[in-house]
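Data first, discussion second: the structure below is written as C-alpha coordinates.
The values are calculated or read from the model by the stated rules, or taken from the named source; none is laboratory data. Being a predicted model, the structure only gives us computed values, none of them experimental. Virtual Cβ from ideal backbone geometry, glycine too; neighbours counted across all protein chains shown. We work out accessible area using only protein heavy atoms, side chains counted, and drop any ligands, DNA or RNA first. Shrake-Rupley method; radii C 1.70, N 1.55, O 1.52, S 1.80 Å.
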Amino acid sequence: RATFADAARGEVDDWVERLGLLHAERVAAVGGVSNRYGKHLRITALCAAALERPAWRDTAIGGAKRMIEHGLRPDGSSHDLEQRDSLGYHGSAVRALSEMSLLFPLVDDEPTLYDWVAPSGASIRKSVDFVVPYANGEKTREEWRNTKVELDRQRAAAGIAEYQPGRPYDPRKALPLMEAASLYDPTLRPLVAKLAGTPAERFPTGMSLMSAAVEAAG
(Lines give C-alpha, C1' and ligand atoms only; values in the text may rest on other atoms or scores of the structure.)
Protein backbone atom coordinates (compact mmCIF):
# COMPACT_ATOMS: atom_id res chain seq x y z
CA ARG A 1 0.00 0.00 0.00
CA ALA A 2 2.81 2.40 0.87
CA THR A 3 4.31 1.99 -2.61
CA PHE A 4 1.16 3.18 -4.43
CA ALA A 5 1.04 6.61 -6.01
CA ASP A 6 -1.21 8.89 -3.95
CA ALA A 7 -4.02 8.88 -6.51
CA ALA A 8 -3.97 5.10 -6.90
CA ARG A 9 -3.84 4.55 -3.16
CA GLY A 10 -6.80 6.87 -2.71
CA GLU A 11 -8.86 4.95 -5.27
CA VAL A 12 -8.07 1.60 -3.69
CA ASP A 13 -8.67 2.91 -0.17
CA ASP A 14 -12.06 4.25 -1.22
CA TRP A 15 -12.99 0.86 -2.69
CA VAL A 16 -11.84 -1.01 0.44
CA GLU A 17 -13.71 1.55 2.56
CA ARG A 18 -16.99 0.85 0.76
CA LEU A 19 -16.45 -2.91 0.92
CA GLY A 20 -15.51 -2.86 4.59
CA LEU A 21 -18.44 -0.66 5.57
CA LEU A 22 -20.91 -2.90 3.73
CA HIS A 23 -19.70 -6.09 5.39
CA ALA A 24 -19.13 -4.55 8.84
CA GLU A 25 -22.76 -3.41 8.80
CA ARG A 26 -23.91 -6.91 7.87
CA VAL A 27 -21.79 -8.45 10.63
CA ALA A 28 -23.18 -6.02 13.20
CA ALA A 29 -26.80 -6.35 12.08
CA VAL A 30 -27.07 -10.09 11.49
CA GLY A 31 -26.54 -12.62 14.25
CA GLY A 32 -25.41 -15.23 11.78
CA VAL A 33 -23.92 -18.63 12.41
CA SER A 34 -23.49 -19.96 8.88
CA ASN A 35 -20.86 -20.28 6.21
CA ARG A 36 -22.13 -17.06 4.58
CA TYR A 37 -21.81 -15.09 7.82
CA GLY A 38 -18.25 -16.36 8.20
CA LYS A 39 -17.39 -14.85 4.83
CA HIS A 40 -18.82 -11.49 5.91
CA LEU A 41 -16.57 -11.72 8.97
CA ARG A 42 -13.46 -12.52 6.92
CA ILE A 43 -14.01 -9.62 4.52
CA THR A 44 -14.63 -7.22 7.40
CA ALA A 45 -11.42 -8.39 9.05
CA LEU A 46 -9.39 -8.02 5.85
CA CYS A 47 -10.64 -4.48 5.31
CA ALA A 48 -9.96 -3.62 8.95
CA ALA A 49 -6.38 -4.82 8.60
CA ALA A 50 -5.83 -3.05 5.27
CA LEU A 51 -7.09 0.33 6.47
CA GLU A 52 -6.15 -0.09 10.14
CA ARG A 53 -9.69 0.34 11.44
CA PRO A 54 -9.93 -0.76 15.09
CA ALA A 55 -13.71 -0.44 15.11
CA TRP A 56 -14.09 -2.87 12.22
CA ARG A 57 -11.56 -5.16 13.87
CA ASP A 58 -13.66 -5.21 17.05
CA THR A 59 -16.84 -5.79 15.04
CA ALA A 60 -15.24 -8.74 13.25
CA ILE A 61 -13.87 -10.30 16.43
CA GLY A 62 -17.17 -9.86 18.26
CA GLY A 63 -19.04 -11.45 15.37
CA ALA A 64 -16.56 -14.31 15.18
CA LYS A 65 -16.95 -15.07 18.87
CA ARG A 66 -20.73 -15.12 18.46
CA MET A 67 -20.38 -17.48 15.52
CA ILE A 68 -18.07 -19.79 17.46
CA GLU A 69 -20.47 -19.76 20.40
CA HIS A 70 -23.66 -20.36 18.41
CA GLY A 71 -22.50 -21.81 15.08
CA LEU A 72 -19.85 -24.32 16.16
CA ARG A 73 -20.40 -27.23 18.53
CA PRO A 74 -18.25 -28.51 21.42
CA ASP A 75 -17.76 -31.83 19.60
CA GLY A 76 -16.34 -29.98 16.58
CA SER A 77 -19.43 -30.20 14.38
CA SER A 78 -21.41 -27.12 13.36
CA HIS A 79 -24.69 -25.50 12.45
CA ASP A 80 -23.75 -25.81 8.76
CA LEU A 81 -23.21 -29.55 9.13
CA GLU A 82 -26.57 -29.94 10.86
CA GLN A 83 -28.46 -27.86 8.31
CA ARG A 84 -26.73 -28.81 5.07
CA ASP A 85 -25.37 -32.26 5.93
CA SER A 86 -22.23 -31.15 4.10
CA LEU A 87 -18.70 -31.31 5.44
CA GLY A 88 -17.76 -29.01 2.57
CA TYR A 89 -19.97 -26.24 3.96
CA HIS A 90 -18.69 -26.91 7.47
CA GLY A 91 -15.10 -26.62 6.27
CA SER A 92 -15.80 -23.41 4.38
CA ALA A 93 -17.24 -21.76 7.50
CA VAL A 94 -14.36 -22.87 9.71
CA ARG A 95 -11.82 -21.85 7.07
CA ALA A 96 -13.20 -18.28 7.04
CA LEU A 97 -12.79 -18.10 10.82
CA SER A 98 -9.30 -19.64 10.69
CA GLU A 99 -8.06 -17.22 8.05
CA MET A 100 -9.59 -14.30 9.91
CA SER A 101 -7.73 -15.32 13.05
CA LEU A 102 -4.41 -15.00 11.20
CA LEU A 103 -5.01 -11.26 10.85
CA PHE A 104 -5.18 -10.68 14.59
CA PRO A 105 -2.14 -11.93 16.52
CA LEU A 106 -1.91 -12.48 20.25
CA VAL A 107 -2.78 -9.49 22.43
CA ASP A 108 -1.06 -9.64 25.82
CA ASP A 109 -1.92 -13.06 27.29
CA GLU A 110 -5.18 -13.57 25.40
CA PRO A 111 -5.49 -16.66 23.21
CA THR A 112 -5.72 -16.23 19.47
CA LEU A 113 -9.19 -16.39 18.03
CA TYR A 114 -8.23 -19.84 16.71
CA ASP A 115 -7.72 -21.13 20.26
CA TRP A 116 -10.45 -19.11 21.95
CA VAL A 117 -12.99 -21.43 23.61
CA ALA A 118 -16.59 -20.24 23.85
CA PRO A 119 -18.62 -20.72 27.02
CA SER A 120 -20.34 -23.57 25.18
CA GLY A 121 -16.99 -25.34 24.80
CA ALA A 122 -16.81 -24.79 21.02
CA SER A 123 -13.66 -23.53 19.28
CA ILE A 124 -12.19 -23.17 15.81
CA ARG A 125 -9.49 -25.69 16.69
CA LYS A 126 -12.05 -28.34 17.65
CA SER A 127 -13.96 -27.79 14.42
CA VAL A 128 -10.74 -28.16 12.41
CA ASP A 129 -9.92 -31.36 14.28
CA PHE A 130 -13.39 -32.65 13.38
CA VAL A 131 -12.45 -32.50 9.67
CA VAL A 132 -9.00 -34.11 9.97
CA PRO A 133 -10.12 -37.80 9.84
CA TYR A 134 -12.06 -37.09 6.65
CA ALA A 135 -9.20 -35.12 5.15
CA ASN A 136 -6.64 -37.87 5.74
CA GLY A 137 -8.95 -40.67 4.60
CA GLU A 138 -9.52 -42.35 7.96
CA LYS A 139 -13.23 -41.64 7.61
CA THR A 140 -15.56 -41.19 4.65
CA ARG A 141 -18.96 -39.60 4.39
CA GLU A 142 -21.75 -39.00 1.91
CA GLU A 143 -22.74 -35.38 1.44
CA TRP A 144 -26.24 -33.81 1.26
CA ARG A 145 -28.19 -36.92 2.35
CA ASN A 146 -30.19 -35.08 4.98
CA THR A 147 -29.96 -31.42 4.04
CA LYS A 148 -32.72 -29.25 5.47
CA VAL A 149 -32.21 -26.47 2.92
CA GLU A 150 -34.53 -26.28 -0.06
CA LEU A 151 -31.87 -24.63 -2.24
CA ASP A 152 -29.70 -27.74 -1.93
CA ARG A 153 -32.60 -29.92 -3.07
CA GLN A 154 -33.27 -27.60 -5.99
CA ARG A 155 -29.64 -27.77 -7.06
CA ALA A 156 -29.72 -31.55 -6.88
CA ALA A 157 -32.96 -31.67 -8.88
CA ALA A 158 -31.33 -29.43 -11.50
CA GLY A 159 -28.69 -32.09 -12.00
CA ILE A 160 -25.75 -30.19 -10.51
CA ALA A 161 -23.24 -32.93 -9.71
CA GLU A 162 -21.76 -31.19 -6.67
CA TYR A 163 -25.10 -31.28 -4.84
CA GLN A 164 -26.24 -34.83 -5.53
CA PRO A 165 -27.28 -36.66 -2.32
CA GLY A 166 -24.76 -39.34 -1.48
CA ARG A 167 -21.87 -37.64 -3.27
CA PRO A 168 -18.66 -38.76 -1.49
CA TYR A 169 -16.78 -36.04 0.33
CA ASP A 170 -13.57 -35.21 -1.52
CA PRO A 171 -10.68 -34.86 0.97
CA ARG A 172 -8.97 -32.37 -1.33
CA LYS A 173 -11.66 -29.86 -0.41
CA ALA A 174 -10.06 -29.69 3.02
CA LEU A 175 -6.76 -28.28 1.70
CA PRO A 176 -7.52 -24.54 2.18
CA LEU A 177 -8.78 -25.17 5.72
CA MET A 178 -5.83 -27.36 6.69
CA GLU A 179 -3.44 -24.88 5.08
CA ALA A 180 -4.67 -22.07 7.35
CA ALA A 181 -4.93 -24.32 10.41
CA SER A 182 -1.38 -25.65 9.96
CA LEU A 183 -0.05 -22.18 10.77
CA TYR A 184 -1.39 -22.77 14.28
CA ASP A 185 -0.88 -26.53 14.39
CA PRO A 186 2.37 -27.59 12.63
CA THR A 187 1.42 -31.27 13.04
CA LEU A 188 -1.03 -30.69 10.17
CA ARG A 189 1.74 -29.86 7.68
CA PRO A 190 2.20 -33.45 6.47
CA LEU A 191 -1.54 -33.60 5.81
CA VAL A 192 -1.36 -30.31 3.89
CA ALA A 193 1.52 -31.73 1.83
CA LYS A 194 -0.50 -34.88 1.14
CA LEU A 195 -3.56 -32.94 0.03
CA ALA A 196 -1.43 -30.59 -2.08
CA GLY A 197 0.41 -33.51 -3.68
CA THR A 198 3.87 -32.28 -2.74
CA PRO A 199 6.78 -33.86 -0.79
CA ALA A 200 7.68 -30.47 0.73
CA GLU A 201 6.48 -30.91 4.30
CA ARG A 202 8.09 -27.78 5.81
CA PHE A 203 6.56 -25.34 3.33
CA PRO A 204 4.02 -27.40 1.40
CA THR A 205 2.17 -24.37 0.00
CA GLY A 206 2.81 -20.73 -0.81
CA MET A 207 0.70 -19.63 2.15
CA SER A 208 2.89 -21.54 4.62
CA LEU A 209 6.05 -20.03 3.11
CA MET A 210 4.71 -16.47 3.21
CA SER A 211 3.55 -16.89 6.79
CA ALA A 212 7.02 -18.05 7.85
CA ALA A 213 8.60 -15.09 6.07
CA VAL A 214 6.27 -12.61 7.77
CA GLU A 215 6.91 -14.21 11.16
CA ALA A 216 10.67 -14.09 10.63
CA ALA A 217 10.47 -10.41 9.69
CA GLY A 218 8.65 -9.64 12.92
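The Rg/Rh ratio for region 107-213 is 1.06, where Rg is the radius of gyration of the alpha carbons and Rh is the Kirkwood radius. When the GluC sites (Glu not before Pro) in region 120-218 are filtered for DSSP coil states and for at most 10 other beta-carbon atoms within 10 Å of their beta-carbon, the remaining sites are Glu138. Of the trypsin sites (Lys or Arg not before Pro) in region 59-126, not one is in a loop by DSSP (not H, G, I, E or B) with at most 14 other beta carbons within 10 Å.
Given a cut-off of 24 Å, name the pairs among Lys39/Lys148; Lys65/Lys139; Lys65/Lys194; Lys39/Lys126 whose C-alpha atoms lie farther apart than that in the structure shown. Too far apart for the 24 Å limit: Lys65/Lys139; Lys65/Lys194. Accessible area per residue for the chain is 53 Å², calculated with a 1.4 Å probe on protein heavy atoms, without ligands, DNA or RNA. Short-range pairs are left out: with C-alpha atoms under 8 Å and at least six residues apart, the relative contact order of the chain is 15 percent.
Loop-resident GluC sites (Glu not before Pro) (DSSP state other than H, G, I, E or B) in region 23-89 with no more than 11 further Cβ atoms inside 10 Å of their Cβ: Glu52. Each residue of region 178-192 was assigned a 3J(HN,Hα) from its phi angle through the Karplus expression (A = 6.51, B = -1.76, C = 1.60, θ = phi - 60°), giving 5, 4, 5, 5, 5, 6, 9, 10, x, 5, 7, 4, x, 5, 4 Hz with x at Gly and Pro.
Between Tyr184 and Asp14, residue separation times 0.36 nm minus the direct Cα-Cα distance comes to 57.9 nm.
For region 104-218, the carbon plus sulfur part of the accessible surface works out to 54%, probe radius 1.4 Å. Between Ala29 and Lys65, how many nm apart are label points set 7 Å from Cα along the C-beta direction? The answer from the label model is 2.4 nm. The mean sequence distance of close C-alpha pairs (under 8 Å, at least 6 residues apart), as a share of the length of region 1-75, puts its relative contact order at 32 percent. Could you tell me the distance between the Cα centroids of region 75-152 and region 169-195, to the nearest Å? What the calculation gives is 13 Å, centre to centre.
Against the chain, whose longest principal axis is taken from its Cα atoms, helix 87-102 shows a tilt of about 20°.
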